[in-house]
Amino acid sequence: MSSASVTAELDAVLGDATARLAAAPDLETITALDAEFLGKKSAVTVAKKQLGQLDPSDRKAAGQAINAARAALEQAVADARERLAVGARQAQYESERLDLTERLGAVRRGSLHLNTQARDRLEDVFVSMGFTVAEGPEVETAWYNFEALNIPDWHPARGSFDTIFVNLGEPEQVMLRSHTSPVQIRTMENTAPPIYIVAPGRTFRTDTADATHLPAFNQIEGLVVDRGITLGDLHGTIEAFVHAFFGGEVKTRLRPSYFPFTEPSAEFDISREDGSWLELGGCGMVHPKVLRNCGIDPEEWQGFAFGFGIDRLAVMRYELDDIRELVNNDVRFLRQF
Ligand code: PHE
């Protein structure tokens with residue numbers, strides 16, 4: 001045996017070890033290779049033990065070759081371990097990764113209900129015209145819902161309101177308000193003119209739900225009380241609001257009508273694309289009796305009032321086929337708006 005043959009053998013071992021360590025798939029394999037190439041029975045250990053058998057002149061070179069081979073093998077094992085550790089860390093990062101973009105496509109933002117959108121827009125339009133927003137309770141007494149509005153209990157108009165009564169106190173004296181007009185009374189009782197208010201809110205009648213009716217619906221009331229107010233102011237206000245809400249192409253018209261709390265009274269319609277008219281609500285000049293009921297002198301103050309359905313407005317604006325869509329709460333419908 002010579003140092004040259006030791007070197008050649010160790011070179012071969014190193015080549016074999018390097019290749020197998022590079023291919024090692026896991027730590028156990030590397031530990032086994034570590035034992036095989038650096039352990040007690042490994043080529044480097046055996047070669048070292050056999051150094052004594054070499055010619056003394058060859059021992060130094062052979063010893064150096066063995067040390068170099070051991071160092072190279074140790075390095076190869078360390079490199080292989082490091083390679084696996086990096087891979088394992090990467091796998092761990094990968095498995096623990098939080099994909100924060102994952103839900104972006106799936107998450108949908110909700111939106112305001114059509115009625116709320118319509119009401120907000122209405123309020124914006126009227127507030128920009130100088131009105132403030134007023135409120136009243138949904139459960140009313142006969143005084144606010146009827147009497148103060150000049151509808152005594154013998155009055156036939158009382159029947160036309162299809163009132164839902166509430167079993168509280170005197171029979172037929174407490175009810176779900178059948179219109180937002182009681183807010184007129186509450187406002188005039190508490191506020192000295194000039195008054196410019198709108199009052200949106202829920203209203204109730206014994207109607208059966210169909211394509212154009214809901215038993216619980218929404219109205220918006222308007223009330224102006226000031227000096228020298230005329231029917232022209234009423235029509236101008238309705239026209240300005242309709243233009244702001246629907247756009248300039250939509251026309252309005254007033255038709256004579258009857259409400260006990262306004263005189264004269266009218267219904268107001270808006271024009272549809274096909275040339276027909278859609279009834280939106282009622283309006284008129286506040287009846288002197290109503291002003292007096294609220295302690296306001298009709299000789300000094302005049303006013304106009306109007307009231308119309310917000311749901312109908314939403315139906316018209318969003319071109320719905322059926323008003324019940326507004327309360328079905330079908331998300332496939334609601335998502336479109
Ligand atoms: N309150 C009436 C209704 O619900 C509408 C209306 C309001 C009419 C104000 C005139 C003045 O039918």
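Laboratory data are not the source of any read-out in this text; all were calculated from the coordinates shown. From a predicted model like this one, the values you see are computed outputs, not experimental measurements. For neighbour counting, all protein chains shown are included, and Cβ atoms are generated from backbone atoms with ideal geometry for every residue, glycine included.
Using the Stokes-Einstein relation with a Kirkwood hydrodynamic radius computed over Cα pairs, the translational diffusion coefficient of segment 190-337 at 20 °C and a viscosity of 1.002 mPa s comes to 128 µm²/s.
The label-point distance for R255 and L100, in a model that sets each label 7 Å from Cα toward Cβ, rounds to 6.1 nm. When the inverse distances between all different Cα atoms of segment 3-96 are averaged and flipped, the Kirkwood radius reads 14.3 angstrom. Taking trypsin sites (Lys or Arg not before Pro) as exposed when DSSP calls them loop and at most 10 other C-beta atoms lie within 10 angstrom, the chain has its longest site-free stretch at 110-226.
Of interest is the spacing of the C-alpha centroids, which for segment 78-148 and segment 48-67 amounts to 79 Å. Short-range pairs are left out: with C-alpha atoms under 8 Å and at least six residues apart, the relative contact order of segment 101-210 is 31 percent.
Please build a GNM for the chain, connecting alpha carbons under 10 Å apart, and tell me which residue among N167, N67, N150 fluctuates the most. Of the options given, N67 has the highest mean-square fluctuation.
Spatially, segment 249-264 and segment 152-206 are offset by 20 Å when compared through their Cα centroids. The Cα atoms of the chain define a convex hull whose projected area, averaged across directions, is 33.1 nm². Per residue, the average separation of C-alpha pairs within less than 8 Å and at least 6 apart gives segment 3-96 a relative contact order of 41 percent. Database remark: amide H of T203 closer than 5 angstrom to the amide H of F217, N218, Q219 (H placed geometrically; neighbours at sequence offset of 5 or more, or on other chains; Pro and chain starts carry no H). Computed over Cα pairs, the Kirkwood radius of segment 74-177 leads via Stokes-Einstein (1.002 mPa s, 20 °C) to a diffusion coefficient of 101 µm² per second.
Karplus-derived 3J(HN,Hα) values for segment 190-199, using 6.51 cos²θ - 1.76 cosθ + 1.60 with θ = phi - 60°, are 9, 10, 7, x, x, 10, 9, 10, 10, 9 Hz; glycine and proline are entered as x.
Quick check: the angle from helix 114-128's long axis to the longest principal axis of the chain, C-alpha only, nearest 10 degrees? The answer is roughly 60 degrees. Quickly estimate the mean residue ellipticity at 222 nm for the chain, helices only: each DSSP H run with n ≥ 4 gives -39500 (n - 2.57), and the total goes over all residues, rounded to 500. That calculation yields -13500 deg cm²/dmol at 222 nm. Taking 20 Å as the straight-line reach from the Cα of K40, the aspartates and glutamates in range (excluding those fewer than 8 positions away in the same chain) are E9, D11, D16, E28, E74. Note on segment 171-257: percent of Cα-Cα distances in each 5 Å bin, starting at 0 and stopping at the bin with the largest distance, equals 3, 11, 15, 17, 21, 17, 10, 4, 1, 0.
Maximal additional length on extending the V133-A71 stretch stands at 13.5 nm, based on 0.36 nm per residue less the C-alpha distance. Taken over the alpha carbons of segment 10-167 as equal point scatterers, the Debye sum produces base-10 log I(q)/I(0) values at 0.17, 0.18, 0.19 Å⁻¹ of -1.07, -1.12, -1.16.
How would segment 118-276 be classified by its alpha-carbon gyration tensor: rounded, prolate or oblate, with rounded meaning a/c under 1.5 and the a/b versus b/c comparison settling the rest? Note, shape of segment 118-276 comes out prolate. Here the contact order of segment 114-334, divided by its residue count and restricted to Cα pairs under 8 Å and six or more residues apart, works out to 21 percent.
If you take the Cα centroid of segment 270-336 and the Cα centroid of segment 225-243, the two points sit 15 Å apart. Around the amide H of T262, modelled in the peptide plane, lie the amide H atoms of H287, all under 5 Å away and 5 or more residues distant in sequence or on another chain. Around the amide H of G281, modelled in the peptide plane, lie the amide H atoms of F268, all under 5 Å away and 5 or more residues distant in sequence or on another chain.
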